[in-house]
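This report refers to the structure that appears directly beneath it.
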Amino acid sequence: KAGAIMRRVCAQVRWLGSIGKRVPRYPCIHARDLTSTSYFSTDSTPSMGLSMLNQTTCKDLIDPGSFIHTVELSDPLYDVALMLVNHEISSVFVEKNSKWIGVIRERDLTNACVVRGMDPEMGTVEDAFLPKDSAICVDVSTTLSEALLILSERGTPELVVVKDGEPAGLISAIDIANALASSINVE
């Protein structure tokens, strides 16, 4: 059974690398239920939705009760791939001695296993992760318009949201688009 799972994960990683796209997934830190009208304005004018981007912060999209998935440097890439698939997430935080040191994303797994030809069962997180000083981070107080601009300028799919230097979650353009869509009452 483990062999079949590994073949499926490797096929998905190869597929992701070959088309350069991401499969639909949930963010690592699940956003609040964005369909709730209590979080954002429901005025039907687009300008209200756009002003929401300037008034809402990254903290508003991070669910404080969500579980933050982490891995250790010595964990095999195979286990990370299984975690991403099983939890329908795209990134996990990397820790060493219970301290946050970086993040490993689908992109990092694809580069390690497909581009560099690393065996997922032999390679470890240490071989593929993005150190925190290289990760693109924003403070929880960053507005969604600022976050969207950073995502666009840097060409990254996600931002690490930090509070007091520690990770609070991840936010993607999809999360911001969902927040914007929920702020506009489309009839």
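If a residue has to be open to solvent by 30 Å² or more (accessible area, probe 1.4 Å) and not in a loop (DSSP other than H, G, I, E, B) to count, how many in the stretch 83-112 make the cut? Let's see the steps before the verdict.
Residues of the stretch 83-112 open to solvent by 30 Å² or more (accessible area, probe 1.4 Å): 83, 85-88, 95-99, 101, 105, 107, 111.
Checking which are not in a loop (DSSP other than H, G, I, E, B) leaves us with 83, 85-87, 95-96, 99, 101, 105, 107, 111.
Residues that pass the stated criteria total 11.
Could you list, in sequence order, the residues of the stretch 88-110 that are touching a residue at least 60 places away in the same chain (Cβ under 8 Å) and not β-branched (Val, Ile, Thr)?
GLU88, SER90, SER91, PHE93, TRP100, GLU106, LEU109
Any residue in the stretch 71-83 that's under 18 Å from LYS99 (Cβ atoms) and of a type outside the set (A, V, I, L, M): show its pairings with residues that are at pLDDT 90 or above and open to solvent by less than 40 Å² (accessible area, probe 1.4 Å) at Cβ separation under 8 Å, as long as the two are six or more apart or on different chains.
Every condition considered, the pairs that remain are GLU72/VAL94; GLU72/VAL125; SER74/THR124; SER74/VAL125; ASP75/THR124; ASP75/VAL125.
Every residue in the stretch 128-150 that is open to solvent by 30 Å² or more (accessible area, probe 1.4 Å) and in a helix (DSSP H, G or I), please. Give the derivation first.
Our first condition is that a residue be open to solvent by 30 Å² or more (accessible area, probe 1.4 Å); within the stretch 128-150, this holds for 129-134, 136-137, 139, 141, 145-146, 148-150.
The answer is SER145, GLU146, LEU148, LEU149, ILE150.
Can you name the residue in the stretch 151-164 that is modelled with pLDDT of 90 or more and among the β-branched types (Val, Ile, Thr) and, of all such residues, is most open to solvent (accessible area, probe 1.4 Å)?
VAL162
Only residues that are under 24 Å from ALA173 (Cα atoms), at pLDDT below 90 and in contact with a Gly (Cβ under 6 Å, 6 or more places away or on another chain): list them for the stretch 72-121, please.
Hit for the stretch 72-121 is THR110, nothing else.
The values are calculated or read from the model by the stated rules, or taken from the named source; none is laboratory data. These figures come from a predicted structure and were not determined experimentally. Note that we place each Cβ from the backbone using ideal geometry, even for glycine, and neighbour counts take in every protein chain shown. Note: accessible area is taken over every heavy atom of the protein model, side chains too, but ligands, DNA and RNA are not part of it. Shrake-Rupley method; radii C 1.70, N 1.55, O 1.52, S 1.80 Å.
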